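Visitor: Here it is, the structure, as structure tokens.
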Amino acid sequence: MLPVGITGIVLSGLIAAIMSSIDSTLNSASTLITMDFIKPKKQNLTSKDIARIGRYTTLILMVVAASWTPMIQKFPGMFHYIQSAFAYVVPTVVAIFFMGMLWKRGSRNAAFWTLVSGHSLSLVLFVLSQTGYFNLHFTITAGLLTAVSFGIFILVSLLNPAPDVAESEEVFWRKEDAKPAYPMPWYKDYRWHAAGILLLTALMIIGFF
């Protein structure tokens, strides 16, 4: 147990960190919605209009987040809740980024429909899991959603004309990108670091199973 004064300082720091994360998330989400979805469709918006729309968007997001808060108590703990949320949200995004960087046949339509259908499926499965109709562990669900997202991306890409690779050549991953910019010892090489992390992750998974 910490002394009374130290406890107050620790709690103040914790609350400040939480508030910082929350306002950054709200600001990013509001900016994304305002600048990427609303402004392109309404080119005549002034700076004041954009600021006002951003405030309203932030308010709506705050109300939605506050309304969702009681659902968190249904989870065994905060860590379990965060990991569960990531398991339903992240797989679709991972599939899009992975295929977009490595497969030149992928198209923007495939990315769009993978994002829409993948998140829609994730939302349905999440609701079913909370109502007791879908009891698969979230770690397995994450793998299934990733596989489905890969399948949707590949299928939609093959059903659409091949994109112009020259327009997006710079975004594709190349072998040269994995090489260090200058010579360095092996213990400073990030490729060995990545291999070590993968090995440790595999050992942890094998150990738990």
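Visitor: Compute the relative contact order of the chain as a whole-number percentage, counting only Cα pairs closer than 8 Å that sit 6 or more residues apart in sequence.
Guide: 19
Visitor: With a sphere of radius 11 Å drawn around the Cβ of Met62, what net charge do the other residues whose Cβ falls strictly inside it have (Lys, Arg +1; Asp, Glu -1)?
Guide: Working: positive: Arg55; negative: Asp23.
Local charge sum for Met62: 0.
Visitor: Placing +1 on the Cβ of each Lys and Arg and -1 on the Cβ of each Asp and Glu in the chain, which of Met99, Ile50, Phe79 has its Cα farthest towards the positive end of the resulting dipole?
Guide: Of the options given, the answer is Ile50.
Visitor: Which net charge results for the neighbourhood of Met35, defined as the other residues with beta-carbon distances under 12 angstrom from its beta-carbon, given Lys and Arg at +1 and Asp and Glu at -1?
Guide: +2
Visitor: For the chain, set up a Gaussian network in which alpha carbons nearer than 10 Å are linked by springs, and say which option among Leu155, Leu14, Leu121 fluctuates the most.
Guide: The residue with the greatest mean-square fluctuation here is Leu14.
Visitor: A further question follows. Indicate the gyration tensor shape class of segment 48-106 (rounded, prolate or oblate), computed on the Cα atoms with a ≥ b ≥ c the square roots of the eigenvalues: a/c under 1.5 is rounded; otherwise a/b larger than b/c is prolate and the rest oblate.
Guide: oblate
Visitor: Moving on. Excluding residues on the same chain fewer than 8 positions from Lys39, give the lysines whose Cα lies under 23 Å from its Cα.
Guide: Lys48
Visitor: Compute the distance from the alpha-carbon center of segment 182-208 to that of segment 21-59, in whole Å.
Guide: What the calculation gives is 41 Å, centre to centre.
Visitor: Now for a separate question. Regarding segment 79-145, what whole-number volume in Å³ per residue does the convex hull of its Cα atoms give?
Guide: 78
Visitor: Another question about this same structure. With runs of 4+ DSSP H residues as the only contributors, calculate the mean residue ellipticity of the chain at 222 nm using -39,500 (n - 2.57) per run, divided by the residue total and rounded to the nearest 500. Could the numbers behind the result be given before it?
Guide: Working: 6 runs with 146 residues, N = 209.
Rounded to the nearest 500, it is -24500 deg cm²/dmol.
Visitor: Go through segment 1-91 and name the chymotrypsin sites (Phe, Trp or Tyr not before Pro) that are in a DSSP coil and have 12 or fewer other Cβ atoms within 10 Å of their Cβ.
Guide: The qualifying sites: there are none.
Visitor: How far is it, in nm, from the label point at Ile197 to the one at Lys42 when both lie 7 Å from their Cα along the line to the Cβ?
Guide: 4.2
Visitor: Looking only at Pro185, Pro91, Pro163, which one moves most when the chain is put into a Gaussian network model with springs between Cα atoms under 10 Å?
Guide: It is Pro185.
Visitor: If the reach is capped at under 26 angstrom between alpha carbons, list the lysines near Lys175, excluding any in the same chain fewer than eight residues apart.
Guide: Lys104, Lys188
Visitor: Ok, one more. With a point put 7 Å past each Cα toward its Cβ, work out how far Ile18 is from Met184 in nm, to one decimal.
Guide: Roughly 3.8 nm, to one decimal.
Visitor: By its C-alpha gyration tensor, with a ≥ b ≥ c as the square roots of the eigenvalues, how is the chain shaped: rounded for a/c under 1.5, else prolate for a/b larger than b/c, else oblate?
Guide: Note, shape of the chain comes out rounded.
Visitor: Over segment 1-72, consider all pairs of different Cα atoms and compute the Kirkwood hydrodynamic radius from their mean reciprocal separation; express it in Å, one decimal.
Guide: For segment 1-72, inverting the mean 1/r across all distinct Cα pairs yields 14.5 Å.
Quick note: the coordinates plus some simple rules give every number you see, no bench work behind them. Quick caveat: nothing in here was measured; it's all calculated off a predicted structure. Positions of Cβ are generated from backbone atoms using ideal geometry, with glycine treated the same way; all protein chains shown enter the neighbour counts.
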